[in-house]
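Single-structure report; data block below.
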């Protein structure tokens, strides 16, 4: 039982050590502390105390007391129990359980008085954990259950996870494996819901250790592997080192020596990188056991000796004893009786030392229990005495209250009369100040209204400007530049057009108010002024009160602005089809000019009017093109109709000629040809006929056919129209 309590104490210290202070967080808190005041400073000091609790518990005590004193000075009505709890945790790390219990008890009393349920729950959980560590298992459980109930009522998931974790640890000490498993699983599920990756890893590690103690290696391995994956996500070298060592232990117990060797080396590398001497002895022992089982006694002894050296420097009796035990077994296999005896002797001595240490720890726990009971009785007597004194104080307080009420009543009446008089004076003064402020604001508003009316009338005049309406861009630009310069009283106003082909700003016109003249000026290549051009493409308005100090104009300063003595600039861009078309550039020379909101609105409106002018010009050009195209289409239609008519007439003539040719072919040519064919047929079938007569008839028909053919040939050669009348006359 004593050994179990020792192991649990080391385990709990291990859990909290994995949550050691973060140096980056500490530095950030210290920097914030330099300028913090009041409650903010109190919170930062308390947070700083929490960060130092593991590595430097003395610092936690110092900062906790400083926070407590500051909280009392600030008369905080909640949260004062928090630094008290932190001081108690620090004393517990320093091995002073009595002082730890005293501060936990104070924290519980203060939190109860301030109705700070969160700290009431944490105080109960801390007291329960302290009793559990000191072996007072029966006394610890009620505190854990109180903490659990409060955390559930206030729905604090983080605190609830800690409470279930504490109950699981208690169940583990009591060998109630099922209860421990159930509570650890609840803590794990809560931390999953919260999403704190480091706490999730811690919960998985605790469940794995529970199964490892129960020798359920497969289940332990499952949770250790999950913890290892989680640690790789957040790159937590300290926790990864411990988890990988535990995984190696599981593989070793399952006889999977190859996997145990691989994971054990990974864990040892993490331990050496993070210089975590707390885990180093156990890791060396695990690696030595793996090589011992694999039969590599030389390497096994090397690791056991390293474990012995580190555990000796850390005064870790358990690991020293285990290292001597394994060295004893290794030398026994090597048949080295001297070394075997030396290590066996050291093993027995350390075993007796641990037994003696357990007895001393048990005695210390008994003394702690007696001291706690004595302190509890003293606290109860103190509370009774305080109750009696409180009753006397309450009686005296009542008498004092009655006297104070009488004095206060008279004082209140006098105070109210005085306050009423002062209030009337203050009210009259405020009315006078408000009247003066209103008059000043009215004056400013009148000026602004006058300016706006002037701007509106100018914009209305633009809407009636013939050049703008008709889309005459250059004339419209000149009118706009001149009127704008006169309206907002600026030295120069230019209308610049962006050329995408040249990638430059080309001046359409620049009006100088002093000379009442128009010029064009130099082009601005976009590649020479990338920041300015990028600003024009992204921003509708660029307002620069001092061109020498503004990022938009620093590129223009030497080559353009300074030679022209320009000190202030207000640019308003206008766009066509979503692309930059140009910019209205107002430039003030001689001195800087602070542009007003009215100026900005007016120039932006002028830019829109310039854009409208380009739209009008674009529409006018489009209308001209439409009219020109309409005339071309009309001419083409007329030409087409004429050609169709001529072609129709040609086709009619051709059809007539075809009809005439058909007649000639069917009558004039076919007749003589048919007679010739008939005479030939007669000669073939009736040889008795007179040949001379038939030949004469053939000659007549052939001559007739020849005359028709000659007539057709002559007509076609002379390009004349074939007509049946001509052939009738010929025949």
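The residues of segment 201-225 that are outside any loop (DSSP other than H, G, I, E, B) and more than 18 Å from residue 182 (Cβ to Cβ), listed by number, are 201, 217, 218, 221, 224, 225. Name every residue in segment 187-196 that is at pLDDT 85 or above and either surrounded by fewer than 21 Cβ atoms within 10 Å (Cβ to Cβ) or farther than 29 Å from residue 235 by Cβ (or both), in order of residue number. Selection gives 189, 192, 193, 194, 195. For residues that are free of Cβ contacts under 8 Å to residues at least 24 places away in the same chain and not in a helix (DSSP H, G or I), scanning just segment 72-115, find the one that is surrounded by the fewest Cβ atoms within 10 Å (Cβ to Cβ). So, considering only residues that are free of Cβ contacts under 8 Å to residues at least 24 places away in the same chain and not in a helix (DSSP H, G or I), the one surrounded by the fewest Cβ atoms within 10 Å (Cβ to Cβ) is 75.
So that you can scan it fast, the table gives a plain yes or no per residue for (1) assigned by TED's automatic domain parsing to the domain that holds residue 485; (2) within 23 Å of residue 457 (Cβ to Cβ); (3) without any contact (Cβ under 8 Å) to a residue 60 or more places away in the chain; (4) touching a strand residue (DSSP E or B) at 6+ places or on another chain (Cβ under 8 Å):
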{"residue": "540", "(1), (2), (3), (4)": "yes, no, no, yes"}
{"residue": "551", "(1), (2), (3), (4)": "yes, no, yes, no"}
{"residue": "563", "(1), (2), (3), (4)": "yes, no, yes, no"}
{"residue": "572", "(1), (2), (3), (4)": "yes, yes, yes, yes"}
{"residue": "577", "(1), (2), (3), (4)": "yes, no, yes, no"}
{"residue": "584", "(1), (2), (3), (4)": "yes, yes, no, yes"}
{"residue": "599", "(1), (2), (3), (4)": "yes, yes, no, yes"}
{"residue": "627", "(1), (2), (3), (4)": "no, no, yes, no"}
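Here is the figure for segment 489-532: residues that are under 20 Å from residue 611 (Cα atoms) and not in a strand (DSSP E or B) total 4.
One residue alone among 224, 184, 252 is in contact with a helix residue (DSSP H, G or I) (Cβ under 6 Å, 6 or more places away or on another chain), more than 29 Å from residue 141 (Cβ to Cβ) and surrounded by 17 or more Cβ atoms within 10 Å (Cβ to Cβ), and that residue is 252.
For residue 498, the conditions (1) surrounded by fewer than 18 Cβ atoms within 10 Å (Cβ to Cβ); (2) in the same structural domain as residue 560 (by TED's automatic domain parsing) all hold with the exception of (1).
For every residue, the table says whether it meets (1) surrounded by 19 or more Cβ atoms within 10 Å (Cβ to Cβ); (2) assigned to a strand (DSSP E or B).
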position	(1), (2)
534	no, no
548	no, no
563	no, no
584	yes, yes
588	yes, yes
595	yes, no
602	yes, no
605	no, no
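Contact map, segment 204-225: first residue at positive phi, second residue surrounded by fewer than 16 Cβ atoms within 10 Å (Cβ to Cβ), Cβ cut-off under 9 Å, separation 6 or more or different chains; pairs are 215/253.
Taking the criterion of being more than 18 Å from residue 557 (Cβ to Cβ), surrounded by fewer than 14 Cβ atoms within 10 Å (Cβ to Cβ) and touching a strand residue (DSSP E or B) at 6+ places or on another chain (Cβ under 7 Å), the residues of segment 504-528 that qualify are 519, 520. Taking (1) at pLDDT below 65; (2) exposed (fewer than 10 other Cβ atoms within 10 Å of the Cβ); (3) assigned to a helix (DSSP H, G or I) in turn, residue 688 satisfies each apart from (3). Scanning for something under 16 Å from residue 346 (Cβ atoms) and not in a helix (DSSP H, G or I), does segment 277-293 turn up at least one residue? For segment 277-293, residues under 16 Å from residue 346 (Cβ atoms) and not in a helix (DSSP H, G or I): absent. Remark: residue 351 falls outside the filter, which requires a residue to be surrounded by 11 or more Cβ atoms within 10 Å (Cβ to Cβ), at pLDDT 85 or above and over 30 Å from residue 99 (Cβ atoms).
Residue selection: residue 658 fails the criterion of being at pLDDT below 75, in contact with a helix residue (DSSP H, G or I) (Cβ under 6 Å, 6 or more places away or on another chain) and surrounded by 10 or more Cβ atoms within 10 Å (Cβ to Cβ). Examine segment 538-546 for a residue that is more than 23 Å from residue 502 (Cα to Cα), out of contact with any helix residue (DSSP H, G or I) (no Cβ under 9 Å at 6 or more places or on another chain) and surrounded by fewer than 18 Cβ atoms within 10 Å (Cβ to Cβ), and state whether such a residue exists. Within segment 538-546, one or more residues are more than 23 Å from residue 502 (Cα to Cα), out of contact with any helix residue (DSSP H, G or I) (no Cβ under 9 Å at 6 or more places or on another chain) and surrounded by fewer than 18 Cβ atoms within 10 Å (Cβ to Cβ). Taking the criterion of being out of contact with any helix residue (DSSP H, G or I) (no Cβ under 6 Å at 6 or more places or on another chain) and at negative phi, the residues of segment 563-575 that qualify are 563, 564, 566, 567, 568, 569, 571, 575.
The values are calculated or read from the model by the stated rules, or taken from the named source; none is laboratory data. Every value quoted in this text rests on a predicted model; they were computed, and no experiment measured them. Virtual Cβ from ideal backbone geometry, glycine too; neighbours counted across all protein chains shown.
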